[in-house]
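Visitor: Take a look at this one; I'll ask things after.
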Amino acid sequence: MNEETARAKQKLKSLCSVSDFNDLLDKLLLSEDERQILELKYHHNKTISYIADMLGMSESSVKKKHTRAMEKIARMSEIEE
């Protein structure tokens, strides 16, 4: 796991409520797919495989979109510090 991903995961884990989670997602310029992936992974604790099946995507596409979304969160965390 790279440093950006670690920072993004820490940011997501630090959110105390669903409202905080949704507020963060609203601040980011996420595609609808990225938003759904983050919600399913971190709010509903679903696996990448499950998310891929649910969204009708390949696992590699979900992983790429997840990585992009995590990078956006990491960049936002740097700005807020």
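The values are calculated or read from the model by the stated rules, or taken from the named source; none is laboratory data. Remember, predicted model here, so these are calculated numbers, not experimental data. Heads up, the Cβs are rebuilt from the backbone with ideal geometry, glycines too, and the neighbour counts pull from every protein chain shown.
Visitor: Quick one: in region 29-49, which of the residues that are among the hydroxyl-bearing types (Ser, Thr, Tyr) and part of a helix (DSSP H, G or I) is surrounded by the fewest Cβ atoms within 10 Å (Cβ to Cβ)?
Guide: Ser49
Visitor: Check region 10-29 and report whether any residue there is basic (Lys, Arg) and either modelled with pLDDT of 85 or more or touching a strand residue (DSSP E or B) at 6+ places or on another chain (Cβ under 9 Å) (or both).
Guide: no
Visitor: Please find, within region 51-81, the residue that is farthest from the chain's Cα centre (by Cα) out of those that are of a type in the set (Ser, Thr, Tyr) and either modelled with pLDDT under 95 or closer than 21 Å to Asn22 by Cα (or both).
Guide: This residue is Ser77.
Visitor: What residue, of Asp20, Asp26, Asp53, is in a helix (DSSP H, G or I) and loosely packed, with under 10 Cβ neighbours inside 10 Å?
Guide: The match here is Asp26.
Visitor: While we're on this one: Restricting the search to region 1-59, which residues are among the basic types (Lys, Arg) and closer than 13 Å to Ile73 by Cβ?
Guide: Passing the criteria: Arg7, Lys9, Lys11, Lys13, Lys27, Arg35, Lys41.
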